[in-house]
Amino acid sequence: MSQSEDQRVVKELYAALLKEARRTFPAVGGSLDAPEERGVYVIYGPRNDALHVGSTPKGQRGIVKRLRDHMAAASSFTRTYLDGNGAVLRNGYSYQYVVVENPRLRALLEAYAIGDLCPAHIGHGM
């Protein structure tokens, strides 16, 4: 793909991500509504502010696995921004995602979404 083609596709994927329904994190015993495919996701706080943009660069079970990791405090986002308490995500936090199988497009979309939704995190290890 050319640079301009990459840009067009990333902008389309970003628009698709933001159009996705926001899902709430489940109560204890509930299950996450997320796919096992790889992609990019956004976690929102109780005030609907974007707190984290993430992707699934490796591993199995895709987006659902990464969201479970956050709930289990097995992520730098949870340790850094939620004081290691992933269970707090069950209280008014939500997420949305888009499946992106292509690794390059997934990385480009994640970077684009971070720049737009969470620019304060750039350069801070998140």
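When Lys and Arg each count +1 and Asp and Glu each count -1, what net charge do the other residues less than 14 Å away from ASP6, Cβ to Cβ, add up to?
Net charge around ASP6: +1.
For the chain, the fraction of 1.4 Å probe accessible surface lying on carbon and sulfur atoms is 49 percent. Relative to the longest principal axis of the Cα atoms of the chain, the long axis of helix 3-19 makes an angle of roughly 30 degrees. Angle of helix 103-117 to the longest C-alpha principal axis of the chain, folded into 0 to 90 degrees and rounded to 10: 70°. If one takes the longest principal axis of the Cα atoms in the chain, at what angle in degrees, from 0 to 90 and to the nearest 10, does the Cα axis of helix 62-71 lie? Between helix and principal axis, roughly 40 degrees. The share of alpha-carbon pairs in segment 19-126 lying farther apart than 18 Å comes to 45%.
The values are calculated or read from the model by the stated rules, or taken from the named source; none is laboratory data. Computed from a predicted model, the values in this text were never measured in an experiment. Note that we place each Cβ from the backbone using ideal geometry, even for glycine, and neighbour counts take in every protein chain shown. These area figures cover heavy atoms from the full protein model, side chains too; ligands, DNA and RNA do not enter into them. Shrake-Rupley method; radii C 1.70, N 1.55, O 1.52, S 1.80 Å.
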